[in-house]
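> Just passing along the structure, written as structure tokens.
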Amino acid sequence: AVGAYGGLGGISLVLGPVVGGLVIDVVGWRWTFAMNIPIAMLTVVLGLMFLPPDRPTVDGRPGRPDLGGAILMVVGTAMLATGIVQAGEWGWTNPLTVVALVMAPTSLAMVVRRSASHPHAILDLSLYRVRYFGRGNLMAFLIAGNFAGTYLALITLLTGAWAMSPSAAGAALALVPLIGGPMSFVSGRLADRYGHRRLLVPGGACMVVGALWFRSGVGPDPDMWLWFPAVGLYALGIGLAHANSASLALRFVPGPSLGQAGATNRIMTEIGSVCSVAVTIALLVGADDPVEGVRRVMLLLALAGMGGMVVATGVDTRPRQMRSAEAE
């Protein structure tokens with residue numbers, strides 16, 4: 001199911017860059033924001049039609065959402081991104097940079113402390129006692145989170161140094177979800193049959209090799225002979241590892257806790273996305289030229305893929321029958 005979810009997300013990512021690029025070329029970038037209005041309205045209508053009403057309860061009483069924890073998490077993530085992005089302009093020793101980078105871990109630590117005692121906390125810390133939940137969330141931070149920064153670097157290269165139109169850049173970027181989306185369906189089924197490690201480790205390896213390959217050959221002139229194989233290999237890694245990071249986190253979570261667990265996994269992905277975008281912006285802005293900035297981001301992607309491979313090495317979710325057969 002998680003693999004199918006990732007596959008559907010991949011299909012939407014195919015349409016997003018292509019449709020968005022066409023809209024920018026035809027009517028301007030402001031209309032890309034207007035497109036979200038009917039989508040949001042349709043989502044609300046469908047939710048009201050098909051989602052049964054429910055109210056979370058704590059000890060039989062309606063539970064109040066942890067608004068304080070949510071605010072602290074937003075502040076912590078925003079301060080971290082601000083400190084990383086602005087450090088190049090403000091300077092690492094500037095009081096504003098120091099305040100931002102001190103507030104970030106302080107706010108996030110307060111989220112953890114608050115979650116330990118709040119009856120309806122934004123983070124259910126007990127879930128981290130579930131097998132592989134922590135590893136899956138770390139994989140989401142490293143692999144799924146890094147996706148946003150990589151996308152930003154690639155679109156910057158295509159529309160900047162390579163001087164492509166938004167629609168052409170969107171079509172070129174569609175290669176990633178075009179391969180990764182359908183592969184998520186397949187890899188989800190394979191993970192259930194053969195275990196997550198056999199998908200996550202090769203997925204990370206594909207991301208590492210694709211990133212280093214692209215880094216070694218990218219230049220100021222468009223090179224589709226490099227783009228298609230190197231970025232295609234990265235896309236294959238996304239298909240193997242992206243959705244399966246969430247699948248690993250939720251693998252042994254009890255049914256009643258799946259909603260909270262899925263939300264926590266999504267939070268880790270979004271925090272990873274914010275961090276990767278912030279670091280990507282800092283690397284691009286701090287580089288002497290856009291191509292050198294992209295090379296630095298590709299190195300960051302390779303390191304994230306290596307980290308994901310290390311995290312996945314100790315995972316064993318093979319069916320019991322397979323473990324028994326291989327032990328004999």
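The values are calculated or read from the model by the stated rules, or taken from the named source; none is laboratory data. Bear in mind that the values here come from a model prediction, so they are computed numbers and not experimental data. Cβ atoms come from the backbone with ideal geometry, glycine included; neighbour counts cover every protein chain shown.
> Would you point out which residue out of Leu138, Leu101, Leu96, Leu157 is modelled with pLDDT of 90 or more, part of a helix (DSSP H, G or I), crowded, with 23+ Cβ neighbours inside 10 Å and not hydroxyl-bearing (Ser, Thr, Tyr)?
Leu157
> Within segment 261-284, can one find any residue that is without any contact (Cβ under 8 Å) to a residue 24 or more places away in the chain, among the small types (Gly, Ala, Ser), part of a helix (DSSP H, G or I) and within 29 Å of Leu80 (Cβ to Cβ)?
Yes, segment 261-284 contains a residue that is without any contact (Cβ under 8 Å) to a residue 24 or more places away in the chain, among the small types (Gly, Ala, Ser), part of a helix (DSSP H, G or I) and within 29 Å of Leu80 (Cβ to Cβ).
> Before we move on, is Ala116 hydrophobic (A, V, I, L, M, F, W, C) and surrounded by fewer than 24 Cβ atoms within 10 Å (Cβ to Cβ)?
Yes.
> So which residues in segment 123-136 are of a type in the set (A, V, I, L, M, F, W, C) and touching a residue at least 60 places away in the same chain (Cβ under 8 Å), if there are any at all?
Leu123, Leu127, Val130, Phe133
> Being more than 15 Å from Asn146 (Cβ to Cβ) and surrounded by 21 or more Cβ atoms within 10 Å (Cβ to Cβ) narrows it down to one of Ser216, Ser257, Ser247, so name that one.
Ser247
> Output yes when any residue across segment 13-33 is under 24 Å from the mean Cα position of the chain (by Cα), outside the structural domain of Glu270 (by TED's automatic domain parsing) and modelled with pLDDT of 85 or more, and no when none is.
Checking segment 13-33: not a single residue is under 24 Å from the mean Cα position of the chain (by Cα), outside the structural domain of Glu270 (by TED's automatic domain parsing) and modelled with pLDDT of 85 or more.
Condition check ((1) under 18 Å from Gly136 (Cα atoms); (2) over 18 Å from the mean Cα position of the chain (by Cα); (3) free of Cβ contacts under 8 Å to residues at least 24 places away in the same chain) across all residues:
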residue	(1), (2), (3)
Met183	no, no, no
Val186	no, yes, no
Leu190	yes, yes, yes
Gly195	yes, yes, no
Leu200	yes, no, no
Trp213	no, yes, yes
Ser216	no, yes, yes
Pro220	no, yes, no
Trp227	no, yes, no
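> Of Gly305, Gly239, which residue is modelled with pLDDT under 90, closer than 18 Å to Leu142 by Cα and within 17 Å of the chain's Cα centre (by Cα)?
Within the list Gly305, Gly239, the selection yields Gly239.
> Determine which single condition Pro182 fails, assuming it passes every other condition in (1) under 27 Å from Gly255 (Cβ atoms); (2) part of a helix (DSSP H, G or I).
Looking at each condition in turn, Pro182 falls short on (1).
> Check whether at least one residue in segment 121-135 is farther than 30 Å from Gly203 by Cα and of a type outside the set (Asp, Glu), and report yes or no.
yes
> Of the conditions (1) touching a residue at least 40 places away in the same chain (Cβ under 8 Å); (2) in contact with a Phe, Trp or Tyr (Cβ under 7 Å, 6 or more places away or on another chain); (3) part of a helix (DSSP H, G or I), Gly237 clears all except one; give me its number.
Exception for Gly237: condition (2).
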